[in-house]
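The values are calculated or read from the model by the stated rules, or taken from the named source; none is laboratory data. Computed from a prediction, not measured in an experiment: that's the story for all the values here. Note that we place each Cβ from the backbone using ideal geometry, even for glycine, and neighbour counts take in every protein chain shown. Side chains included, ligands, DNA and RNA excluded: accessible areas come from the protein's heavy atoms. Shrake-Rupley method; radii C 1.70, N 1.55, O 1.52, S 1.80 Å.
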Amino acid sequence: MSNVRPETMERITTPELAAAFIEEQVKEVRAQVGDKKVLLALSGGVDSSVVAALLIKAIGRQLVCVHVNHGLMRKGESEQVIEIFRNQLDANLIYVDATDRFLDLLAGVSDPESKRKIIGKEFIEVFADEARKLDGVEFLAQGTIYPDILESIKQAEGKKAVKSHHNVGGLPEDLKFELVEPLKLLFKDEVRVVGEALGLPHAMVYRQPFPGPGLGVRCLGAITRDRLHALREADAILREEFAVCGLAEKVWQYFVVIPDIKSVGVKDDSRYEGWPAILRAVNTKDAMTATIEEIPYAVLHKITARITSEVEGINRVLMDLTPKPTGTIEWE
Ligand code: XMP
């Protein structure tokens with residue numbers, strides 16, 4: 001398959017068009033890989049999940065999925081990957097809990113780009129360690145989509161990326177695989193239609209974008225396990241409440257950030273120091289600019305009450321009302 005989307009290629013907007021695309025890709029993938037094994041880093045994000053479901057349909061357990069939990073996932077995310085892929089789709093899934101490896105390396109590191117580099121590099125190392133344990137793998141599947149191809153063309157033309165984004169490209173020299181990239185000519189909306197046609201849950205296919213370095217860039221400064229735990233719990237409350245009031249469908253990206261500062265608070269008649277949880281909810285088309293979604297006060301009050309009473313270590317809740325520009329979407 002070439003890297004250029006033909007002008008005549010019809011936009012995949014309906015289940016029927018998705019079914020035709022799936023049928024064609026199943027044939028292509030079978031012809032490409034024969035009876036060999038294919039490896040896939042399955043993060044649980046939309047693109048890798050859709051590739052996994054498509055390849056399971058094409059080659060079943062010849063696909064070996066590796067899910068690396070870097071300890072920076074949101075609450076329940078790794079469990080959902082295991083439930084859907086291993087339990088429901090009978091995937092050949094290797095689950096690696098690498099939390100300690102990542103958090104030990106990140107201890108004391110406060111510079112955002114250094115954190116990103118450590119997470120990206122360690123991710124590749126953990127994945128490569130798993131790949132070396134397997135026999136007979138000749139192919140690597142990736143959830144590359146058309147905007148990624150367009151972005152690489154731009155970068156090759158010398159335009160600088162604002163932040164370093166990581167994926168599994170750049171594996172060590174001893175691991176040479178042929179790539180399988182069945183989604184590389186699709187736009188994101190088409191990937192979602194294909195995902196639903198493959199039977200993946202709506203919530204997974206339409207989930208908000210989540211950065212590769214995960215909660216690592218939302219636990220600001222040097223990550224500590226207690227603050228990371230508080231962040232994960234507070235973020236889960238925000239997501240639950242947005243789902244209940246229908247905002248999850250309307251807001252492009254929403255999450256919690258916890259800075260490395262404390263303020264004084266009061267609980268059971270005594271003063272104590274706690275972190276603030278900062279809520280962020282933005283809408284955008286392409287993540288280059290973003291606007292602020294208006295959140296009803298009743299929802300904000302409920303989220304504040306829940307976070308401050310349910311999450312150990314947090315004593316205040318703040319809302320970030322800054323559009324992009326001047327703020328970026330993430331805080332790091
Ligand atoms: P910013 O903060 O630059 O974010 O306005 C724009 C979009 O990119 C996501 N983002 C990342 N995604 N790795 C990723 O995979 C990263 O290091 C990273 N940093 C930011 C961010 O969540 C938003 O959707």
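The residues of the stretch 238-284 expose, per residue, 50 Å² of accessible area to a 1.4 Å probe. For a test of the definition: using alpha carbon positions, the gyration tensor, and the 1.5 limit on a/c, classify the stretch 167-216 as rounded, prolate or oblate. Taking the square roots of the gyration eigenvalues as a ≥ b ≥ c, the stretch 167-216 is oblate.
Enter the angle in degrees (range 0 to 90, nearest 10) between the Cα long axis of helix 112-132 and the first principal axis of the Cα atoms of the chain, meaning the one along which they spread out most. Between helix and principal axis, roughly 40 degrees.
In the full protein context, the stretch 1-112 carries 47 Å² of accessible surface per residue, based on a 1.4 Å probe and ignoring ligands, DNA and RNA.
Between K188 and D35, the modelled labels are 4.2 nm apart [label points 7 Å from Cα along Cα→Cβ].
Under the rule a/c < 1.5 gives rounded, and otherwise a/b versus b/c splits prolate from oblate, where does the stretch 68-160 land using the Cα gyration tensor? Cα axes put the stretch 68-160 in the oblate bin. Computed over protein heavy atoms with a 1.4 Å probe, the carbon and sulfur contribution to the accessible area of the chain reaches 53%. Under 5 Å between amide hydrogens, built in the peptide plane, is the criterion, and for G212 it picks out H166 among residues at least 5 positions away or on other chains.
Can you work out the FRET efficiency for the pair E83 and R271, with r the C-beta to C-beta distance and R0 = 41 Å, to the nearest 0.05? Taking R0 as 41 Å, the efficiency between E83 and R271 is 0.45. Computed over the chain, the per-residue total of -39500 (n - 2.57) for DSSP H runs of n ≥ 4 gives a 222 nm mean residue ellipticity of -12000 deg cm²/dmol, rounded to 500.
Taking a straight line from the alpha carbon of K324, these aspartates and glutamates sit under 18 Å away, with near neighbours fewer than eight places off in the same chain left out: D286, E293, E294, E332.
Largest to smallest in accessible area, the residues E16, E28, E77 fall in the order E16, E28, E77 (1.4 Å probe, all protein chains included).
If you take the charge dipole of the stretch 54-159 about its Cα centre, with +1 on Lys and Arg Cβ and -1 on Asp and Glu Cβ, which of I56, V96, F123 is farthest toward its positive end? Selected residue: I56. Subtracting the Cα-Cα distance of I153 and D97 from 0.36 nm times their residue separation leaves 16.7 nm of extension gain.
Taking a ≥ b ≥ c as the square roots of the eigenvalues of the Cα gyration tensor, an a/c ratio of 1.5 or more together with a/b no larger than b/c marks the stretch 173-280 as oblate.
Rounded to the nearest 5, the antiparallel percentage of DSSP beta bridges internal to the stretch 218-332 is 70%. Among the listed pairs K75/K250; K37/K184; K37/K75; K75/K267; K154/K176; K37/K133, those with a Cα-Cα distance over 23 Å are K37/K75; K75/K267; K154/K176.
Compared with the dominant Cα axis of the chain, that is its longest principal axis, helix 225-244 is turned about 80°. Each Lys and Arg adds +1 at its Cβ and each Asp and Glu adds -1 at its Cβ; summed about the Cα centre, the chain shows a dipole of about 420 debye. Were the residues from L321 through A222 laid out at 0.36 nm apart, the gain over their Cα-Cα distance would be 33.2 nm.
Simple spin-label estimate for D135 and T284 gives 4.7 nm between the two label positions (7 Å along the Cα-to-Cβ direction from each Cα).
Note on E249 and K117: the extension gain reaches 44.3 nm, defined as 0.36 nm multiplied by sequence separation minus the Cα-Cα distance.
When DSSP beta bridges are restricted to pairs lying wholly in the chain, around 35% turn out antiparallel. With both labels modelled 7 Å from their Cα along Cα-to-Cβ, the K262 to S2 distance reads 6.2 nm.
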